Amino acid sequence: MSAYPGSLLWAQDLRKVYGPTPALDGASFSVRAGEVVAVMGPSGSGKSTLLHCLAGIISPDSGSIGYGGQDLATMSDARRSALRRSEFGFVFQFGQLVPELTCTENVALPLRLAGVGRKEAQRAALEWMARLEVAEVGDKRPGEVSGGQGQRVAVARALVTSPRVIFADEPTGALDSLNGERVMQLLTDASRETDAAVVLVTHEARVAAYSDREIVVRDGKVRDMAGTV
Amino acid sequence: MGHTLLGLLESGPRHGYDLKRAFDEKFGHDRPVHYGQIYATMSRLLKSGLVAIDGVESGGGGPERKRYAITEAGISDVGQWLGRPEKPQPYLQSTLYTKVVLALVTGRSAAGLLDTQRAEHLRMMRILTDRKRGGDFADQLICDHALFHMEADLRWLELTAARLDRLAKEVGA
């Protein structure tokens, strides 16, 4: 199953309807390993629905989603969850860190959930926090750090499992320009180093400029500006 | 150009060659200035009394080298220029607006035109972002200025794309 040779993750002819309105209306997409693709489009155009389908968070009503020779669209919920934990990383607009845990514990959490021992998980967490320049806030709780630091902790958490695909939904939406740019630099540097693909939903052109190419979602349909899909 | 060279002379007299080097180092990241432009500008500033010849050195068989110094009038002129805000450009009659209207009235795809422009803007923004990542602090500031302007253009492109139906009615397409 490979409608898009060379692609790590692809989707073909996705349809998803909420009530009377189609959120996705024949959307297709592909991303290669190590590639950063920005998903742009007006509010309500379907870009978050596309990201959620690609990440296996929701199922499309019809269409195919290929990843590693498997179809996410028809996979069981349990298998999709397992795939999400082991292969995908997520960064959201508001970090969504667990407030009761320290920043280091937050970053280590995906590894602990995957069964990695506490010491090993902590070692990996500290390494990623240093790379994301937030080692100094390791013992603090999310409520005690700045928005920019919290978001870098969230990026470290997304990267700690060495995911093949990182899904970032407006990752700089709550940050000022300087912090937003720093987060994008660190995120895209990490993607280049680890060859992880990044699917980046953003409405900010300066954030999209960190991508390798962009697609535009309009009325549930995808327009690839490079014309490759 | 004149005010910039005057400003560079405020720290002390310089030869034309030194001025070019200082200009390129600080402002000529993309386009180094030609010697001809330097000498033409200095000649104009001399005529208007904003600079004076500070000395002339023999070039050892080559042409003589003039050293320029800023005058009191020149210093005052730089001060006035720096204190005067630049006129914000409204760009009301921009080429893009003209193209969009022409596309509508000639029955071509205005939405396609806007999408193509959008992709071109983002392509340039990527180049600038790459340059910013690899560049020094001056590069970062210069690229940021261009990036913010392009972002504003993109917002206009999106807003116009969302209002094409109304614009088509207004221009009778």
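Readers should treat all values here as calculations from the given coordinates under stated rules, not as data from a laboratory. Keep in mind the model is a prediction, meaning the values are calculated, not measured. Here Cβ is always computed from backbone atoms with ideal geometry, including for glycine, and neighbour counts include all displayed protein chains.
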Calculated from backbone phi, Karplus (6.51, -1.76, 1.60) coupling profile of the stretch B:72-87 in Hz, x at Gly/Pro: 4, 4, x, 4, 5, 5, 4, x, 5, 5, 5, x, 9, x, 6, 6
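Below 8 Å between Cα atoms, with a sequence gap of 6+, how large is the relative contact order for the stretch B:95-172 in percent? Intermediate results must be reported in sequence, preceding the final value.
Numbers: 39 pairs, mean separation 30.8, N = 78.
Answer for the stretch B:95-172 is 40 percent.
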Degrees separating the helix B:16-27 axis from the principal Cα axis of chain B, which is the longest one: 30 degrees
Bridge type composition, the stretch B:1-134 - antiparallel percent by DSSP, nearest 5: 100 percent
From phi via Karplus (6.51, -1.76, 1.60), per-residue ³J(HN,Hα) for the stretch A:24-37 in Hz, x at Gly/Pro: 10, 9, x, 8, 10, 6, 8, 9, 9, 4, x, 9, 10, 10
Neighbourhood net charge (13 Å Cβ-Cβ; Lys/Arg +1, Asp/Glu -1) for A:M129: 0
Signed unit charges on C-beta, dipole axis of the protein assembly as shown, positive-most listed residue A:A156, A:L24, B:Y68: A:L24
Amide H within-cut-off set for A:V91, under 5 Å, with H built and near neighbours excluded: A:F167, A:A168, A:D169
Tensor-based shape of chain B (alpha-carbon gyration tensor, a/c under 1.5 rounded, otherwise prolate or oblate): prolate
Residues of type lysines that A:K119 reaches as a straight line, Cα spacing below 19 Å, ignoring anything fewer than 8 places off in the same chain: A:K140
Gain in span if fully extended, A:E144 to A:D189, counting 0.36 nm per residue against the direct Cα distance: 13.5 nm
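Would you work out the charge dipole size for the stretch A:105-191 about its Cα centre, treating the Cβ of every Lys and Arg as +1 and the Cβ of every Asp and Glu as -1, and quote it to the nearest 20 debye?
Values: 11 positive and 12 negative charges, 86 e Å.
Dipole of the stretch A:105-191, to the nearest 20 debye: 420 debye.
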Within-9-Å neighbourhood charge of A:V217 [Cβ basis; K, R +1; D, E -1]: +3
Mean-position separation - Cα centroids, the stretch B:110-130 and the stretch B:1-73, in angstrom: 39 Å
Gain upon complete extension [A:D77, A:A174; 0.36 nm per residue less C-alpha separation]: 31.8 nm
Sequence-distant lysines (8 or more away, or on other chains) whose Cα lies within less than 22 Å of A:K47: A:K16, A:K221
Charge context of A:G56, other residues only, Cβ under 12 angstrom, K/R +1, D/E -1: +1
Computed label-point distance, nm, for sites A:E100 and B:E57 using a 7 Å Cα→Cβ extension: 7.6 nm
Placed amide H near B:V51: partners under 5 Å, 5+ positions off or other chain: B:L46, B:T71
Count, lysine Cα pairs under 28 Å in chain B, 8 or more residues apart or across chains: 13
Test item: A:212-224 mean partner chain Cβ contacts at 10 Å: 2
For A:R223, residues with placed amide H under 5 Å, excluding near neighbours: A:V216, A:V217, A:R218
Contact order normalised by residue count of chain A, Cα under 8 Å, 6+ apart, percent: 30 percent
Estimated inter-spin distance, B:T116 and B:K169, nm [label 7 Å along Cα→Cβ]: 2.8 nm
Distance between modelled label sites at B:S43 and B:I75, nm, 7 Å Cα→Cβ extension: 2.9 nm
Given charges at Cβ of Lys, Arg, Asp, Glu: the stretch B:95-172 dipole, positive-most of B:H145, B:G135, B:Q117: B:Q117
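What number, in percent, do you get for the relative contact order of chain B if the mean sequence gap of Cα pairs under 8 Å and at least 6 apart is divided by its residue count?
19 percent
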Footprinting exposure proxy for B:K47, B:K87 (fewest neighbouring C-beta atoms within 10 Å first): B:K87, B:K47
